[in-house]
């Protein structure tokens, strides 16, 4: 199946990216509020806060574009480990917790499943921008692809653990502050 090329201006791309970031931030915030587990609440709060930094970053780029017709691309940091570190940590945790299964509440699983869907949609959006925008505008969104893939990996790992073990990641294994 051939992918349809998205054609939009840089301004439209930034405005749409802000909408995606607001949406996923709100999903994480809602999930954090509903989460009973303190470690899960912390992970979701970090993700919501990070998405808010993406909104601010993109809003600054939009303001620059509207003012000067160009954008700066300062570094965009993340508190989330790389996807391979997340996968390795998930395996260690799964091995360690295998005998301590507890069923997670269905509403927490549903909220994480929603977050996973929205995160996957956001990731596809950024991938399409990097693929389809004129080359001079792609660098603005390349880091978002990397970061959102990390978010996708951590949400998938968290969801897998809730479905299979009922435990959230040990935050010490995934130092959310160190990145």
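The values are calculated or read from the model by the stated rules, or taken from the named source; none is laboratory data. Values in this document were obtained by computation on a predicted structure and should not be read as measured data. A quick note on method: Cβ atoms are made from the backbone with ideal geometry, for glycine too, and the neighbour counts reach across all protein chains shown.
Scanning segment 19-39 for residues that are in contact with a helix residue (DSSP H, G or I) (Cβ under 9 Å, 6 or more places away or on another chain) and without any contact (Cβ under 8 Å) to a residue 60 or more places away in the chain yields 22, 25, 26, 29, 32, 33. Looking across segment 11-33, the residues that are over 30 Å from residue 132 (Cα atoms) and surrounded by fewer than 16 Cβ atoms within 10 Å (Cβ to Cβ) come down to 30, 33. Taking residues in segment 49-72 that are without any contact (Cβ under 8 Å) to a residue 24 or more places away in the chain, and partners anywhere that are assigned to a loop (DSSP other than H, G, I, E, B) and surrounded by fewer than 15 Cβ atoms within 10 Å (Cβ to Cβ), the pairs with Cβ atoms closer than 7 Å and at least 6 places apart or on different chains are 64/70; 64/72. Screening 90, 94, 157, 101 for residues that are closer than 18 Å to residue 44 by Cα, over 13 Å from the mean Cα position of the chain (by Cα) and modelled with pLDDT under 90 leaves exactly one candidate, 90. As a summary of the residue check, residue 42 satisfies the conditions (1) surrounded by fewer than 19 Cβ atoms within 10 Å (Cβ to Cβ); (2) more than 23 Å from residue 142 (Cβ to Cβ); (3) in contact with a helix residue (DSSP H, G or I) (Cβ under 6 Å, 6 or more places away or on another chain) except for the one numbered (3).
Scoring residue 167 on the criteria (1) surrounded by 15 or more Cβ atoms within 10 Å (Cβ to Cβ); (2) in a helix (DSSP H, G or I); (3) modelled with pLDDT under 70 leaves a single failure, condition (2). Restricting segment 104-154 to residues that are modelled with pLDDT of 90 or more and outside any helix (DSSP H, G or I) leaves a set whose member that is surrounded by the most Cβ atoms within 10 Å (Cβ to Cβ) is 133.
Matching residues to (1) part of a helix (DSSP H, G or I); (2) modelled with pLDDT under 95:
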| position | (1), (2) |
| --- | --- |
| 16 | yes, no |
| 19 | yes, no |
| 40 | yes, yes |
| 43 | yes, yes |
| 47 | yes, yes |
| 55 | yes, no |
| 75 | no, yes |
| 84 | yes, yes |
